[in-house]
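Trainee: Below is the structure I would like to discuss, written out as structure tokens.
The values are calculated or read from the model by the stated rules, or taken from the named source; none is laboratory data. From a predicted model like this one, the values you see are computed outputs, not experimental measurements. Neighbour counts run over all protein chains shown; Cβ positions are idealised from the backbone, glycine included.
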Amino acid sequence: MSNLGKTLSSSLGKKLVMGITGLFLVSFLLVHCAVNALIFLNDGGESFNRGAEFMGTNPLIRLMEIVLFAGIIWHIVQALVLTMQNKKARSVQYAAYTGNANSKWYARSMGLLGTLILMFLIIHLKHFWVVSRMTDEITSGRETLFGEMKEVFESPVVVFLYVLSMFSLAYHLLHGFQSAFQTLGFNHKKYTPTIQKIGVIFSIVIPTLFALMPIAIYLGIIQ
Amino acid sequence: MSGNMNLTLKIWRQKNGNVQGELVTYPVKNISPDMSFLEMFDVLNEQLISEGKEPIAFDHDCREGICGMCSMFINGRAHGPKEGVTTCQLHMRSFKDGDTIVVEPWRATAFPVVKDLVVDRSAFDRVIAAGGFISANTGNSQDANALPISKFNADTAFDAAACIGCGACVATCKNASAMLFVSAKVSQLALLPQGQPERYRRVQSMVAQMDSEGFGNCTNTGACEAECPKGISISNIARMNRDYFAAKICKEEEVN
Ligand code: HEM
Ligand code: FES
């Protein structure tokens with residue numbers, strides 16, 4: 001195996017991939033949330049549609065979209081490999097295991113939370129990405145992305161699912177954000193408390209903003 | 001005596017590594033709260049011997065919290081309910097009359113059960129043999145101040161060196177990861193001048209050995225740090241990761 005291959009297939013190498021792809025996904029969330037938050041201007045989706053059009057046509061963003069898909073897939077595949085290895089590392093389970101005494105449930109449930117996020121992602125991509133990138137609904141001008149949003153969020157079931165999924169995301173990030181820095185080797189008295197604080201704020205603010213979008217549209221607060 | 005306890009113990013019995021084991025229930029009576037957990041086991045074993053039964057095999061040596069042998073997973077926690085202690089330092093006053101106590105061996109594929117509560121922790125020895133040492137020439141001892149060491153580094157190295165290799169980190173980690181142990185052993189040398197010549201070779205070969213022993217991968221839950229009887233910090237894991245990535249990216253030393 002090549003040197004790079006050997007490094008990336010070591011335990012720490014796999015963790016490195018998890019951390020870097022995780023933080024990359026965090027940066028994506030920030031951009032995605034910022035663009036979508038334009039609907040809160042309540043201007044009939046005008047600003048949001050312009051933002052969406054920019055994201056859909058700018059060549060650099062289109063390139064990053066490919067990188068993003070690669071990043072998500074790498075994150076997921078690596079998570080799967082790690083989780084399977086970790087299961088194998090304890091072939092006989094404890095009869096009594098008091099995990100809550102020494103760690104947080106969401107830190108121990110990253111695989112489960114990630115799987116919930118993945119299930120959401122598939123539904124979410126079908127709702128918006130497929131329509132805007134795979135059909136000519138939007139490019140032909142028959143429909144706007146904001147219009148699509150209003151249509152999708154007419155269903156209370158969908159709204160409920162979106163809000164619930166944001167809880168999975170919030171808890172995934174609550175552990176993941178600071179965990180990624182620890183994995184990359186950043187642990188320092190001076191800045192680790194700050195990273196942890198930013199992590200908590202990020203994990204609450206971003207999923208809350210996302211969750212408010214379907215709620216606000218469903219309730220007709222955003223027209 | 002007043003204050004003495006009657007307890008129900010559920011203890012893992014397994015003849016050897018090739019057969020299935022099971023939890024067996026043993027009642028014990030009149031246990032003094034001043035006994036250590038291991039002394040309570042001695043009482044039980046005396047009782048089993050007098051009944052003509054096979055005593056329970058368990059590891060122990062110093063019984064003063066420094067050798068790290070006394071591996072027991074008690075009521076779902078490594079070394080039982082107290083923080084910062086080994087099993088030999090756990091006293092029966094941490095339990096109440098009538099309690100049921102489940103005692104299991106460390107569970108990790110890399111720590112196979114030898115018998116009952118005894119596991120084979122030689123995987124740790126092989127990790128150390130892979131690089132957890134310095135190569136020093138013998139001769140007269142050096143002048144004590146020949147190598148200046150900052151107070152901070154000396155203290156941090158000493159904190160890492162407090163690791164007694166008990167394996168509680170592996171036992172408690174949901175992934176059975178050995179990263180706290182390995183990172184403590186990497187750190188104690190990486191922080192000192194004597195450890196520098198082999199620093200980047202060491203971290204690579206110790207991690208490689210750790211991986212080949214079949215330990216899991218750290219997910220930073222922090223359980224190891226919370227359960228470690230010596231309070232080894234997970235900041236050591238970050239240091240190991242830094243050194244490892246630096247070695248792979250910036251250093252020429254290669255390790256197979
Ligand atoms: C937008 C979506 C996602 C974001 C922002 C995200 C972010 C992160 C971050 C920052 C980490 C910490 C990395 C580390 O500890 O080094 C992480 C870990 C993890 N992620 Fe995700 N993730 C996302 C989606 C997913 C999905 C879809 C899955 C699985 C199907 C998943 C599974 C995991 C697992 C199992 C870990 C734990 C690995 C570990 O801590 O070692 N994640 N994620
Ligand atoms: S017997 Fe030595 S640490 Fe417990």
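Condition check ((1) more than 14 Å from residue B:91 (Cα to Cα); (2) in contact with a Leu (Cβ under 8 Å, 6 or more places away or on another chain); (3) within 11 Å of ligand 2 (Cβ to nearest atom)) across all residues:
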| residue | (1), (2), (3) |
| --- | --- |
| B:23 | yes, no, no |
| B:26 | yes, yes, no |
| B:32 | no, no, no |
| B:38 | no, no, yes |
| B:50 | yes, no, no |
| B:55 | yes, yes, no |
| B:59 | yes, yes, yes |
| B:65 | no, no, yes |
| B:69 | yes, no, yes |
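Trainee: Within the range B:96-131, track down each residue that is over 18 Å from residue B:12 (Cβ atoms) and either in contact with a strand residue (DSSP E or B) (Cβ under 7 Å, 6 or more places away or on another chain) or among the charged types (D, E, K, R) (or both).
Mentor: Matches in the range B:96-131: B:96, B:97, B:98, B:123, B:125, B:126.
Trainee: How many residues are loosely packed, with under 10 Cβ neighbours inside 10 Å and of a type in the set (Asp, Glu) when one looks only at the range B:134-155?
Mentor: Final tally of qualifying residues: 1.
Per-residue answers, yes or no, for (1) part of a strand (DSSP E or B); (2) in contact with a helix residue (DSSP H, G or I) (Cβ under 9 Å, 6 or more places away or on another chain); (3) within 14 Å of another protein chain (Cβ to nearest Cβ):
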position	(1), (2), (3)
B:18	no, no, yes
B:24	yes, no, yes
B:43	no, no, no
B:65	no, yes, no
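Trainee: One residue is enough: does the range B:140-157 have a residue meeting the conditions within 14 Å of chain A (Cβ to nearest Cβ), out of contact with any Pro (no Cβ under 6 Å at 6 or more places or on another chain), more than 16 Å from ligand 2 (Cβ to nearest atom) and under 30 Å from residue A:96 (Cβ atoms)?
Mentor: No.
Trainee: Name the residues in the range B:208-226 that are surrounded by fewer than 23 Cβ atoms within 10 Å (Cβ to Cβ), facing chain A (nearest Cβ under 9 Å) and in a helix (DSSP H, G or I), would you?
Mentor: B:208, B:211, B:225, B:226 - these are the residues of the range B:208-226 that are surrounded by fewer than 23 Cβ atoms within 10 Å (Cβ to Cβ), facing chain A (nearest Cβ under 9 Å) and in a helix (DSSP H, G or I).
Trainee: Same structure, new question: How about the range B:227-253: which of its residues are in contact with a helix residue (DSSP H, G or I) (Cβ under 8 Å, 6 or more places away or on another chain), assigned to a loop (DSSP other than H, G, I, E, B) and not hydroxyl-bearing (Ser, Thr, Tyr)?
Mentor: Correct list: B:228, B:229, B:231, B:232, B:234, B:251, B:253.
Trainee: Residue B:162 - would you say it is within 16 Å of ligand 2 (Cβ to nearest atom), of a type in the set (A, V, I, L, M) and either surrounded by 17 or more Cβ atoms within 10 Å (Cβ to Cβ) or not assigned by TED's automatic domain parsing to the domain that holds residue B:62 (or both)?
Mentor: Yes, satisfied.
Trainee: Right, something else. Kindly check whether there is at least one residue in the range B:207-224 that is on the phi < 0 side of the Ramachandran plot and within 12 Å of the chain's Cα centre (by Cα). Give the steps one after another, and end with the answer.
Mentor: Kept after step one, since they are on the phi < 0 side of the Ramachandran plot, are these residues of the range B:207-224: B:207-213, B:215-219, B:221, B:223-224.
Okay, now just the ones that are also within 12 Å of the chain's Cα centre (by Cα), so B:224.
Yes, the conditions are met somewhere in the range B:207-224.
Trainee: Select from the range A:92-107 the residues that are more than 10 Å from ligand 1 (Cβ to nearest atom) and in contact (Cβ under 8 Å) with a residue 24 or more places away in the chain and write down the one among them that is farthest from the other protein chains (Cβ to nearest Cβ).
Mentor: Here the residue is A:106.
Trainee: Which one is nearest to residue B:248 (Cα to Cα), of the residues in the range A:160-180 that are out of contact with any Pro (no Cβ under 7 Å at 6 or more places or on another chain) and within 8 Å of ligand 1 (Cβ to nearest atom)?
Mentor: A:180
Trainee: If I filter the range A:61-69 for residues that are among the aromatic types (Phe, Trp, Tyr) and in a helix (DSSP H, G or I), do I get at least one hit?
Mentor: Checked the range A:61-69: at least one residue is among the aromatic types (Phe, Trp, Tyr) and in a helix (DSSP H, G or I).
Trainee: A further question on this structure: Taking the stated definitions as given, is residue A:89 at the interface with chain B (Cβ under 7 Å from one of its Cβ atoms), away from ligand 1 (no atom under 16 Å from the Cβ) and hydrophobic (A, V, I, L, M, F, W, C)?
Mentor: In short, no.
Trainee: Looking only at the range B:229-256, which residues are polar (S, T, N, Q) and crowded, with 23+ Cβ neighbours inside 10 Å?
Mentor: Answer for the range B:229-256, where residues must be polar (S, T, N, Q) and crowded, with 23+ Cβ neighbours inside 10 Å: B:236, B:241.
Trainee: Determine if the range B:106-123 includes at least one residue that is within 16 Å of ligand 2 (Cβ to nearest atom) and among the polar types (S, T, N, Q).
Mentor: no
Trainee: Among the numbered conditions (1) in contact with an Asp or Glu (Cβ under 7 Å, 6 or more places away or on another chain); (2) over 27 Å from residue B:215 (Cβ atoms), tell me where residue B:140 comes up short.
Mentor: Tallying (1) in contact with an Asp or Glu (Cβ under 7 Å, 6 or more places away or on another chain); (2) over 27 Å from residue B:215 (Cβ atoms), residue B:140 fails exactly one: (1).
Trainee: Scan the range B:141-191 for residues that are within 30 Å of residue A:93 (Cβ to Cβ) and free of Cβ contacts under 8 Å to residues at least 60 places away in the same chain and jot them down.
Mentor: Passing the criteria: B:173, B:174, B:175, B:177, B:180, B:181, B:182, B:183, B:184, B:185, B:186.
Residue by residue, here is whether (1) among the charged types (D, E, K, R); (2) over 24 Å from residue A:177 (Cβ atoms); (3) within 14 Å of chain B (Cβ to nearest Cβ) holds:
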| position | (1), (2), (3) |
| --- | --- |
| A:15 | yes, no, yes |
| A:18 | no, no, yes |
| A:24 | no, no, no |
| A:29 | no, no, no |
| A:33 | no, no, no |
| A:37 | no, no, no |
| A:45 | no, yes, no |
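Trainee: Output the number of residues of the range A:108-143 satisfying the condition of being away from chain B (no Cβ under 14 Å), under 30 Å from residue A:174 (Cβ atoms) and not in a helix (DSSP H, G or I).
Mentor: Residues meeting the conditions: 0.
Trainee: Ok, one more. Quick one: which residue in B:111, B:181 is under 23 Å from residue B:247 (Cα atoms), more than 16 Å from ligand 1 (Cβ to nearest atom) and surrounded by 24 or more Cβ atoms within 10 Å (Cβ to Cβ)?
Mentor: Exactly one residue qualifies, and that residue is B:181.
Trainee: If only one of A:56, A:44 is more than 27 Å from residue A:202 (Cα to Cα) and either at pLDDT below 95 or out of contact with any Lys or Arg (no Cβ under 9 Å at 6 or more places or on another chain) (or both), which one is it? Walk me through it before giving the result.
Mentor: Working: A:56 fails: more than 27 Å from residue A:202 (Cα to Cα).
So the residue among A:56, A:44 that is more than 27 Å from residue A:202 (Cα to Cα) and either at pLDDT below 95 or out of contact with any Lys or Arg (no Cβ under 9 Å at 6 or more places or on another chain) (or both) is A:44.
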